[in-house]
Every structure is written in structure tokens, then in C-alpha cells.
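First up is the structure itself, then whatever we jot down about it.
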Amino acid sequence: MGVNKTYISVGYASVGMFMGFSAFLVWNIAFKQPWTAAMGGLSGVLALWTLITHIMYLQDYWRTWLKGLKFFFFIGVFFSLLAVVAFISFLSTAIRNQESPTDPQSLYLSCVWSFMTLKWSFLLALYAHRYRKEFADISILSDF
């Protein structure tokens, strides 16, 4: 038997959550760069939400709570827009201040974590949409 793609997604979201929370701690404690820490922490939280989405899908909780998937979708869209604005802001500020891309306290690393936040918020919205569509199709069929 092959491996279910959802289990791979659970593992990927778990690693993303660990990396995001690690970035939050490292850039808060070691490098004292709050913007990179904030974007890393937000990335970890969105990876956690994506992980919760997958686990609830595997346990079949979404069947009875389609409004929750709609809420997760809108949260993903909102944080996608926020991540794009943060990416553009950090990039323009780093260029304007002529910061070095290799400096751990530069805003270029905040751009990287803004992109990671964009990735996790997009994945949250994508999987919430897919799972909602799947369960909406099942609920329509069960009405007959």
C-alpha cells in the first residue's frame, strides 16, 4: 500500500511548525531581531493551523463543521495578504537602509520569513478550500 498524501502533509506541517517556533526563539533570544522573530512565529502558528486542519480531516471532524473550514479559509487569505504587505515593506526598508543580506539582524531575513508565512497561509487556505469542497460534495450526496 502507498502512503496517504495527508500523512505526508501532516509531517510537513509538523516540521514547518517546529522551524517557525525555532526561528521565533532564536531571533528573539540570540539575535534580538523582533521583526524576524515575529514573522517566524507567525509562520509557525500558521503551520500549526494547517497541521490541525489535516488532523481534523483525518479524524473526520470537518464533516459536521463546514463553517470552521470556511473560517480557516478566510484566515489563510487574510494572512496571505498580510504576508505580502510585510514582504514588500521589509524588502523596501532593507534596500533603503542598504542592509547586508548576510547580516542576521537585517530585514532581508524578515523577508524570508514573510515568504514562509505566505506559504503557510496559502497552504492553510488551499487545504481548507479542498476539504470544504470534498465534504460539501459528500453532504449534498447524503441528502438524497
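The values are calculated or read from the model by the stated rules, or taken from the named source; none is laboratory data. Source: prediction; values computed, not measured. Glycine gets a Cβ as well: all are built from the backbone with ideal geometry, and neighbour counts include every protein chain shown. To get the accessible areas, we keep the full protein, side chains included, count just its heavy atoms, and leave off ligands, DNA and RNA. Shrake-Rupley method; radii C 1.70, N 1.55, O 1.52, S 1.80 Å.
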Checklist outcome for this item: GNM on the chain, Cα springs under 10 Å; top mean-square fluctuation among GLN33, GLN59, GLN105 goes to GLN59
Checklist entry - How about LYS119: which lysines have a C-alpha closer than 19 Å to its C-alpha, ignoring those fewer than 8 places off in the same chain? => result LYS5, LYS70
Checklist entry - What FRET efficiency would be calculated for the residue pair VAL26, ASP137, taking the C-beta separation as r and a Förster radius of 35 Å, to the nearest 0.05? => result 0.20
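Could you tell me the calculated FRET efficiency between LEU81 and ASN4, based on Cβ-Cβ distance and R0 = 35 angstrom, to the nearest 0.05? Walk me through the numbers on the way to the answer.
Working: r = 32 Å, r/R0 = 0.90.
Efficiency computed from Cβ-Cβ geometry: 0.65.
Report, in debye and to the nearest 20, how large the dipole of segment 13-144 comes out about its Cα centre when Lys and Arg carry +1 and Asp and Glu carry -1 on their Cβ.
Numbers: 9 positive and 6 negative charges, 32 e Å.
Roughly 160 debye, rounded to the nearest 20.
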Checklist entry - Under a point spin-label approximation (7 Å from Cα along Cα-to-Cβ), what is the THR102-THR64 distance to one decimal in nm? => result 5.8
Checklist outcome for this item: In the chain, taking the dipole from +1 charges on Lys and Arg beta carbons and -1 charges on Asp and Glu beta carbons about the Cα centre, the listed residue (PHE18, SER43, LEU66) farthest towards the positive end is LEU66
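If you roll a 1.4 Å probe over the chain with all protein chains in place, what percent of the accessible area is carbon or sulfur? Provide the component values of the computation, followed by the final result.
On the way: 6260 of 8700 Å².
Solvent-exposed carbon and sulfur of the chain make up 72 percent of the total.
Out of segment 22-93, which trypsin sites (Lys or Arg not before Pro) are coil in DSSP terms and have no more than 16 other C-beta atoms within 10 Å? Don't jump to the answer; show the numbers that get you there.
Numbers: sites: LYS32, ARG63, LYS67, LYS70; in loops: LYS32.
Passing sites in segment 22-93 are LYS32.
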Next on the checklist: Please enumerate, by chain and number, the lysines with C-alpha under 18 Å from the C-alpha of LYS67, excluding those fewer than 8 residues away in the same chain.
Outcome noted: LYS133
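Roughly how many Å² is the accessible area per residue of the chain, as a whole number, for a 1.4 Å probe? Walk me through the numbers before you get to the answer.
Numbers: 8700 Å² over 144 residues.
On a per-residue basis, the chain sits at 60 Å².
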Next on the checklist: Can you compute the helix-only [θ] at 222 nm over the chain? Use -39500 (n - 2.57) per DSSP H run of at least 4 residues, normalise by all residues, nearest 500 deg cm²/dmol.
Outcome noted: -29000 deg cm²/dmol
